[in-house]
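Contents: one structure, followed by commentary.
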Amino acid sequence: MQLLQIKPMENVIVDQDRLGALYAQLGEAGAEDVVCRALEELALRLSHSEMLFHQEGWVDLRQNTRSLIAIADQIGMTALSQVAQDVSHCIDRRDITALAATLSRLIRVGERSLTAIWDLQDIPF
């Protein structure tokens, strides 16, 4: 008997135009500060999302997810924002099975998005 392990790979979308506009508006130092704080907050909220799911804290999970959407939108993390919206819809429909799957996807996209933004910070806008 063979065991097949599936490791889903998620594509991430970073809106470089949005990041460029942020840098143009705030200057390099200001934009880097905003991006760094946003990345830290996203990492914390992603981790908090998993905890809230396991505690069945649906109201808090929805609020946490809505914050994720706002932060991701601010720094051009389009894919992360979309998946977070999907999580929010699952919460609203009270579809726990879909929520579990979608939240797992959110964590994967979140991790890859954080890495993608860090990699982009070396690129001048």
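The values are calculated or read from the model by the stated rules, or taken from the named source; none is laboratory data. Given the structure is predicted, the values throughout are model-derived calculations rather than measurements. Glycine also receives a Cβ, built like all others from the backbone with ideal geometry; neighbour counts cover every protein chain displayed.
Out of curiosity, is A98 modelled with pLDDT of 95 or more, surrounded by fewer than 18 Cβ atoms within 10 Å (Cβ to Cβ) and touching a Cys at 6+ places or on another chain (Cβ under 8 Å)? Considered against the rule, which asks whether it is modelled with pLDDT of 95 or more, surrounded by fewer than 18 Cβ atoms within 10 Å (Cβ to Cβ) and touching a Cys at 6+ places or on another chain (Cβ under 8 Å), A98 comes out as yes.
Residues of segment 46-77 that are among the hydrophobic types (A, V, I, L, M, F, W, C) and buried (at least 17 other Cβ atoms within 10 Å of the Cβ): L46, L52, F53, L61, L68, I69, I71, A72, I75, M77.
It is to be established whether one or more residues within segment 78-89 are over 25 Å from L22 (Cβ atoms) and not charged (D, E, K, R). Scanning segment 78-89 turns up at least one residue that is over 25 Å from L22 (Cβ atoms) and not charged (D, E, K, R).
From the residues in segment 108-122 that are out of contact with any helix residue (DSSP H, G or I) (no Cβ under 8 Å at 6 or more places or on another chain) and exposed (fewer than 14 other Cβ atoms within 10 Å of the Cβ), which one is modelled with the highest pLDDT? The selected residue is T115. For segment 42-71, the candidate set comprises residues that are touching a Ser or Thr at 6+ places or on another chain (Cβ under 8 Å) and of a type in the set (D, E, K, R); within that set, the residue that is nearest to E111 (Cα to Cα) is R45.
Name every residue in segment 7-25 that is in contact with a helix residue (DSSP H, G or I) (Cβ under 6 Å, 6 or more places away or on another chain), part of a helix (DSSP H, G or I) and more than 17 Å from A70 (Cα to Cα), in order of residue number.
Y23, the sole residue that qualifies.
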